[in-house]
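Chemist: First the structure, then my questions, so here it is.
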Amino acid sequence: MQRQILEFLRRTWTWLKSREPLLLVVCLGFAVSTWAFIEIADEVLEQETQAFDKWVIRSLRQADDPATPLGSAWVQEMGRDLTAFGGVAALVFFTVIVAGYLWIEKKPRVIALLLAAALGGLLLSTLLKHFISRPRPDVVPHLSHVYTSSFPSGHSMLSAVIYLTLGALLASVIPRTILKVYVLSVAILLTILVGLSRIYLGVHYPTDVIAGWIAGLSWALLCWSIARWLQSRNQIEDDEKEPGTSSN
């Protein structure tokens, strides 16, 4: 048995070495992020993070009035606006927009992968919430309506799943490097802002949000890896350069 395991590891390493360097980095990122999520979930289930979580949420409210968050009224309104980017309506809206772009670019197989990634991420988020079933924060009044359990943050995870997956899939079919960087940067920024807004509104603990980011990142990396693998086998459309365009 030990010899078989070593042989499997040797063959896996040989296969990985033959891949492009970026794919190796992505595979490593997927492994590390998955491990990190498991570690955080374990700490949360053992309530090792409870003191830290409550301290962070409480520090974002007025000392003499836990119902009032720090910042003026426009900051509070901005928090609600940002959190909406992680809601179902916004995520569906952006997914449809990107799917429309891919349809115009005649990339139906990428659309199929996009929809599979989005639905799979939603299912994963729902299952994680159901099995871990962490209660919502009760330290301060919530500034947004909530309907599900707390861990991981659905807004944070689905934002990472949708925006990072959209960014990764778009980057895989966009020929210009600068556009790839721009698309991925916007996706990362949106994901971060949505997660921070959930903590500010008092509806999630910091570890809920961090775990949501990590789980969403893992899923996005997995989807990107699948996209690259399918491209290498000519199963989905590649980022073919148009005549007269450069790579940057």
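The values are calculated or read from the model by the stated rules, or taken from the named source; none is laboratory data. In this text the structure is predicted, and so the values were computed from the model without any measurement. Here the Cβ positions follow ideal geometry from the backbone for every residue, glycine too, while neighbour counts run over all protein chains shown.
Chemist: Being under 14 Å from VAL139 (Cα atoms) and either surrounded by 12 or more Cβ atoms within 10 Å (Cβ to Cβ) or touching a residue at least 12 places away in the same chain (Cβ under 8 Å) (or both) is the filter here; which residues of region 63-104 pass it?
Modeler: PRO66, ALA67, THR68, PRO69
Chemist: Scan (1) surrounded by 11 or more Cβ atoms within 10 Å (Cβ to Cβ); (2) in a helix (DSSP H, G or I); (3) at pLDDT below 85 for the single condition THR34 breaks and write down its number.
Modeler: (3)
Chemist: When you go through (1) at pLDDT 90 or above; (2) of a type in the set (A, V, I, L, M, F, W, C); (3) farther than 18 Å from LEU158 by Cα one by one for ILE214, which number turns out not to apply?
Modeler: For ILE214, the exception is condition (3).
Chemist: Here's another thing I want to ask about it. How about region 173-193: which of its residues are surrounded by fewer than 24 Cβ atoms within 10 Å (Cβ to Cβ), under 17 Å from the mean Cα position of the chain (by Cα) and touching a residue at least 24 places away in the same chain (Cβ under 8 Å)?
Modeler: Listed by number, the residues that qualify are ALA187, ILE188, LEU190, LEU193.
Chemist: Of the conditions (1) surrounded by 23 or more Cβ atoms within 10 Å (Cβ to Cβ); (2) without any contact (Cβ under 8 Å) to a residue 60 or more places away in the chain, ALA211 satisfies every one except a single condition; which number is it?
Modeler: (2)
Chemist: Among the residues of region 103-116 satisfying the criterion of being modelled with pLDDT under 85 and closer than 20 Å to ALA160 by Cβ, which is farthest from the chain's Cα centre (by Cα)?
Modeler: VAL110
Chemist: Looking at TYR101, TYR163, TYR147, which is the one that is more than 21 Å from ILE214 (Cα to Cα) and either in a helix (DSSP H, G or I) or of a type in the set (Val, Ile, Thr) (or both)?
Modeler: Numbers: TYR163 fails: more than 21 Å from ILE214 (Cα to Cα); TYR147 fails: either in a helix (DSSP H, G or I) or of a type in the set (Val, Ile, Thr) (or both).
TYR101 is the lone residue from the list that is more than 21 Å from ILE214 (Cα to Cα) and either in a helix (DSSP H, G or I) or of a type in the set (Val, Ile, Thr) (or both).
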